[in-house]
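So that we are looking at the same thing, I have put the structure below in structure tokens.
The values are calculated or read from the model by the stated rules, or taken from the named source; none is laboratory data. Since the model is a prediction, treat every value here as computed from it, not as a measurement. We place every Cβ from the backbone using ideal geometry, glycine too, and count neighbours over all the protein chains shown. Just the protein is used for accessible areas: all its heavy atoms, side chains included, with ligands, DNA and RNA removed. Shrake-Rupley method; radii C 1.70, N 1.55, O 1.52, S 1.80 Å.
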Amino acid sequence: MARKKFIAGNWKMNTSLDEARALAKGLVDIAGKITDVDIAVCPPYTNLLAVGEIIKGSSIKLGAQDVHWEAKGAYTGKISCAMLKSVGVTYVIIGHSEQRSYFNETDETVNKKTKAALAAGLLPIVCVGETLAERKAGKLTEVVGRQVKGAFAGIPVSDALKCTIAYEPVWAIGTGEVATPQQANEAHQFIRSVLVSVYDKTTADSMRIQYGGSMKPDNAKDLLALSDVDGGLIGGAALKAGDFLGIIKPV
Ligand code: PGA
């Protein structure tokens, strides 16, 4: 089954309002009419509205970097799904390894956030991935299998089909270390096999799995050519419009 490639930029804690506006304008100019690849940008919360206004009418969609599962109330510092919807957000990254390692994200909170996002009509990008120590200890399948099963616990097929999974080996994020095409494809195939066990083959074959971790214009082509790699979640290289385009349209 043909899965349309999906490239998302995760701007992380970068960009002032002016920088975000300039980056968004640059992206609209060079990538705003591309329709054979799905494209999203995920700026910090403070820049969602401004970036949303700039990309409006282009083929680039708006994403957020996290969300809280509760609907409203006394949760200082948190942002709800309805708040994201109200500023035009389509996608939301959930369970990024930086959330897992610095901010106590667990498989349980990933599951709660994914359910809340789906209920609100947001499209989750669920991140999974092993650390270097886990890979060296031969625990990739144990860790990533647990993360995938945990994230999708109790989520029906119809909702799972709205989700993207981002496989991001923690040792490759922001380090310049990139998974070899073989390592990436093996991990993606493993994730798809977990989805077959949780759902069924048709569902597993329909869900997109992005690779993330030091993806750049010069390695994107080899990674995106792999049968089970359906796109990328891009950090550092998403902060320059030209680099991001070089990943969307690798030459
Ligand atoms: P990177 O980040 O491309 O800078 O490695 C990817 C990510 O964390 O989503």
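Given an 8 Å cut-off on Cα distances and at least 6 residues of separation, report the relative contact order of the chain as a percent.
Values: 484 pairs, mean separation 49.9, N = 251.
For the chain, the relative contact order is 20 percent.
What does the range 128-197 give for Rg and for Dmax, in Å, if only its C-alpha atoms count?
Using the Cα atoms of the range 128-197, the pair Rg, Dmax is 12.5, 37 Å.
Also: List the residues, sorted by chain then number, that are 5 or more residues from SER59 or on another chain and whose placed amide H is less than 5 Å from its amide H.
When sequence neighbours closer than 5 places are left aside, the close amide H contacts are LYS33, ILE34.
Report, to one decimal in Å, the Kirkwood hydrodynamic radius for the range 31-76 based on all distinct Cα pairs. Don't skip to the end; give the middle numbers.
Details: mean 1/r = 0.0820 Å⁻¹.
Result for the range 31-76, one decimal place: 12.2 Å.
Still on this structure, please answer the following. In the chain, carbon and sulfur make up what percent of the accessible area (probe 1.4 Å)? Walk me through the numbers on the way to the answer.
On the way: 6220 of 11230 Å².
For the chain, the apolar C and S fraction of the accessible surface comes to 55 percent.
Next question, about the same structure. So with the 1.4 Å probe, I'd like the accessible area per residue for the chain, rounded to whole Å².
Values: 11230 Å² over 251 residues.
For the chain, the per-residue accessible area is 45 Å².
Express the Stokes-Einstein translational diffusion coefficient of the range 78-158 in µm² s⁻¹, to the nearest whole number, given a Kirkwood radius over alpha-carbon pairs, 20 °C and a viscosity of 1.002 mPa s. Kindly include the intermediate steps, with their values, before the conclusion.
Values: Rh = 13.4 Å.
Rounded to a whole number, D works out at 160 µm²/s.
Which whole-angstrom value gives the distance between the alpha carbon centres of the range 156-194 and the range 57-107?
20
Which residue, chosen from THR141, ALA166, THR180, occupies the Cα position most advanced towards the positive end of the dipole of the range 131-183, where the dipole is computed from +1 (Lys, Arg) and -1 (Asp, Glu) charges on Cβ about the Cα centre?
Farthest along the dipole direction, towards plus: THR141.
Could you tally the net charge around PRO217, taking each other residue with its Cβ under 11 Å from the Cβ of PRO217, Lys/Arg +1 and Asp/Glu -1? Don't jump to the answer; show the numbers that get you there.
Numbers: positive: LYS216, LYS221, LYS240, LYS249; negative: ASP218, ASP243.
Once positives and negatives cancel, what remains is +2.
Now a separate question. Per the Kirkwood treatment, what hydrodynamic radius in Å, one decimal, follows for the chain from the mean inverse distance over all distinct Cα pairs?
Answer for the chain: a Kirkwood hydrodynamic radius of 17.9 Å.
Starting from the Cα gyration tensor of the range 1-43, take the square roots of the eigenvalues, sort them a ≥ b ≥ c, and report rounded, prolate or oblate (rounded when a/c is under 1.5, otherwise prolate if a/b is larger than b/c, else oblate).
Verdict is oblate for the range 1-43.
If we count every other residue with Cβ under 12 angstrom of SER58's Cβ, Lys/Arg +1 and Asp/Glu -1, where does the sum land?
Numbers: positive: LYS25, LYS33, LYS56, LYS61; negative: ASP29, GLU53.
Surrounding charge for SER58 is +2.
Counting each DSSP H run of 4 or more residues in the chain as -39500 (n - 2.57), what helix-only mean residue ellipticity at 222 nm follows after dividing by all residues, to the nearest 500 deg cm²/dmol?
Values: 12 runs with 110 residues, N = 251.
Calculated from helices alone, the mean residue ellipticity at 222 nm is -12500 deg cm²/dmol.
Which value, in Å to one decimal place, does the Kirkwood hydrodynamic radius take for the range 107-251 when every pair of different Cα atoms is included?
Numbers: mean 1/r = 0.0647 Å⁻¹.
Here the Kirkwood hydrodynamic radius works out to 15.4 Å.
Please report, in whole Å, how far the alpha carbons of the range 176-251 spread along each principal axis, starting with the longest.
So the three principal-axis extents are 39, 20, 20 Å.
OK, next. Label the range 1-108 by shape, choosing from rounded, prolate and oblate, from the square roots a ≥ b ≥ c of the eigenvalues of the Cα gyration tensor; if a/c is under 1.5 it is rounded, and otherwise prolate applies when a/b is larger than b/c, oblate when it is not. Mind dumping the intermediate values first?
On the way: a/c = 1.85, a/b = 1.43, b/c = 1.29.
Prolate shape, in that a/c is at least 1.5 and a/b is the bigger ratio.
Take every Cα pair under 8 Å in the range 1-115 that's 6+ residues apart, average their separations, divide by the length, and report that relative contact order as a whole percent. Working shown, then result.
Numbers: 166 pairs, mean separation 26.0, N = 115.
Relative contact order for the range 1-115 comes out at 23 percent.
Which of the peptides 151-162, 54-65 is most tightly packed, and how do the rest follow, judged by the mean count of other Cβ atoms within 10 Å per residue? Please report the intermediate quantities before stating the final value.
On the way: 151-162: 15.7, 54-65: 19.5.
Descending mean neighbour count gives 54-65, 151-162.
Classify the range 120-169 as rounded, prolate or oblate, taking a ≥ b ≥ c as the square roots of the eigenvalues of its Cα gyration tensor: rounded when a/c is under 1.5, otherwise prolate if a/b is larger than b/c and oblate if not.
Details: a/c = 3.95, a/b = 2.22, b/c = 1.78.
Cα axes put the range 120-169 in the prolate bin.
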